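The values are calculated or read from the model by the stated rules, or taken from the named source; none is laboratory data. All values derive from a computational prediction rather than experimental measurement. Don't worry about glycine lacking a Cβ; one is built from the backbone with ideal geometry, like all the others, and counts go over all protein chains shown.
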Amino acid sequence: MKPAFTSLAFGTCAAVVSTLLFVGCATRHDVRVDSVSKPVAKEITSYRLKTNLPPEEADSLRIQEATQLIKTALSGKGLYEAPNPDHADVVVDVDFGIQSPHVRMEVSSVPVYAKKGGGVRYEEVTVRDPNGATSTRTVPVYDPPKSEMIGYRDVVVPVSIYEKYLRISAHENKPDVEGKPATEIWSVNVTSEDESRDLRKYLPLLASASVDYIGKETKTEQVIKVSESDAGVGFVKKGL
């Protein structure tokens, strides 16, 4: 029997139309989710959290903020942090970060400008000599050309892409036996890639996307849309 989890419903961004004014949803990001799950004999409700990060970072404010997001996400499935770690049903391992960038060639439209107009024209001007006599003279006037946009053209440009990832997995709260780790019960791997290197901005998106897949089997990678304005993102940001 698979572990029993409480379902968490996420709201969606609503569009507002007023007369001729339309306000749409905030930017939506593609998030890829891949999860696996194995049947267990008992219901899982408590966990002990473990971050797979360098020891020097374990107590940093960044790590504390990230683990709070993840604890809140786990609470959305009815899971709570065990008061006594030794009595927790499972150990939840957490890893997150940014992969080394890779370059992707993208097509971008750029404006095309052309010079128009300009040249030389002649004007009659009145001049006065030292004796006060006036006369007219033809002089050249130089008009600079004007730059006008005449259209667009497509160019291929290299773009650095950064993959932000969050990996959460749970295994039995048992010591390793002869170097063999305890049995993994479920795992969720969530990623999003684009030009941004702002991991702090993306962690709430990744954490909220993981909630519905904890304890589930996707079989194939799923792509979902997530926005900063989604109720699920607000839920993990709010904290416990």
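I'd like the residue in the range 230-240 that is touching a Gly at 6+ places or on another chain (Cβ under 9 Å) and in contact (Cβ under 8 Å) with a residue 40 or more places away in the chain and, out of all such residues, is surrounded by the most Cβ atoms within 10 Å (Cβ to Cβ). Break it down into steps so the answer makes sense when it comes.
Initially, the range 230-240 is screened for residues touching a Gly at 6+ places or on another chain (Cβ under 9 Å), giving 230-232, 234-236.
If we keep only those that are in contact (Cβ under 8 Å) with a residue 40 or more places away in the chain as well, we get 230-232, 235-236.
Details: Asp230: 22, Ala231: 13, Gly232: 24, Phe235: 21, Val236: 27.
Among residues in the range 230-240 that are touching a Gly at 6+ places or on another chain (Cβ under 9 Å) and in contact (Cβ under 8 Å) with a residue 40 or more places away in the chain, the one surrounded by the most Cβ atoms within 10 Å (Cβ to Cβ) is Val236.
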Return yes or no: is Lys38 touching a helix residue (DSSP H, G or I) at 6+ places or on another chain (Cβ under 9 Å) and modelled with pLDDT under 95?
-> no
Condition check for Val141: at pLDDT below 90, farther than 30 Å from Val155 by Cα and assigned to a strand (DSSP E or B) = yes
Please identify the pairs in which a residue from the range 168-183 that is on the phi > 0 side of the Ramachandran plot and surrounded by 10 or more Cβ atoms within 10 Å (Cβ to Cβ) has its Cβ atom under 6 Å from the Cβ atom of a residue that is assigned to a loop (DSSP other than H, G, I, E, B) and modelled with pLDDT under 85, counting only partners at least 6 apart or on another chain.
-> none
Across the range 148-200, what is the total count of residues that are part of a strand (DSSP E or B), acidic (Asp, Glu) and farther than 23 Å from Val226 by Cα?
-> 4
Among the residues of the range 152-163, is there at least one that is of a type in the set (S, T, N, Q) and either within 30 Å of Asp93 (Cβ to Cβ) or touching a residue at least 40 places away in the same chain (Cβ under 8 Å) (or both)?
-> yes
Going through the range 87-134 in order, the residues found to be over 32 Å from the mean Cα position of the chain (by Cα), free of Cβ contacts under 8 Å to residues at least 12 places away in the same chain and surrounded by fewer than 10 Cβ atoms within 10 Å (Cβ to Cβ) are Thr126, Arg128, Asp129, Pro130, Asn131, Gly132, Ala133, Thr134
